[in-house]
Amino acid sequence: MSQANVEIVRASFAPWNAGDMDAYRDLYDPHAILRTPEGWPEPGPYFGREAVIRELEHMRTAWDTNSAEVISDFIDVGDRVAVRFILHGVGQGPVVAQEMTALFTVRKGKILALEAFWDHTEALGFLGLAG
């Protein structure tokens, strides 16, 4: 099952990068949870698919263009998948190129949780792995 979870997470980057939030929303479980990294301007957590997507859409409005560039392998452990990426934002202020690690929990073919971390080692610790 974990390779299927990796494919779901891998596939999530295409609609995000295309700005297709309807397709991105469809990847999430109705009971999804978003936990933002420590120090995030709107700290959350956010409960429920609509609250998760609303916060992510709000974040996207900070820039004219926004994308996520995967910079690591997808690491799967059970129903969780971790991936390191660079969040790029251009326009309406300073250019952003922020490295982050996302830890996705996938259940029944949908993303149930998205937890973001500044520190890759910390994220891997939640998977029981050493950095």
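The table for this structure:
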{"quantity": "Qualifying positions in the stretch 18-32 - closer than 15 Å to H58 by Cα and either assigned to a helix (DSSP H, G or I) or among the small types (G, A, S) (or both)", "calculated": "G19, M21, D22, Y24, R25"}
{"quantity": "Tally of residues being out of contact with any Leu (no Cβ under 9 Å at 6 or more places or on another chain) and either among the acidic types (D, E) or loosely packed, with under 12 Cβ neighbours inside 10 Å (or both) across the stretch 55-64", "calculated": "4"}
{"quantity": "Selection from the stretch 61-86 of residues that are within 10 Å of the chain's Cα centre (by Cα) and either among the aromatic types (F, W, Y) or within 20 Å of Y46 (Cα to Cα) (or both)", "calculated": "A82, F85"}
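Taken together, the values in this text are just the output of simple stated rules run on the coordinates, not laboratory data. All values derive from a computational prediction rather than experimental measurement. Methodologically, a virtual Cβ is constructed for each residue, glycine included, from the backbone with ideal geometry; neighbour enumeration extends over all protein chains shown.
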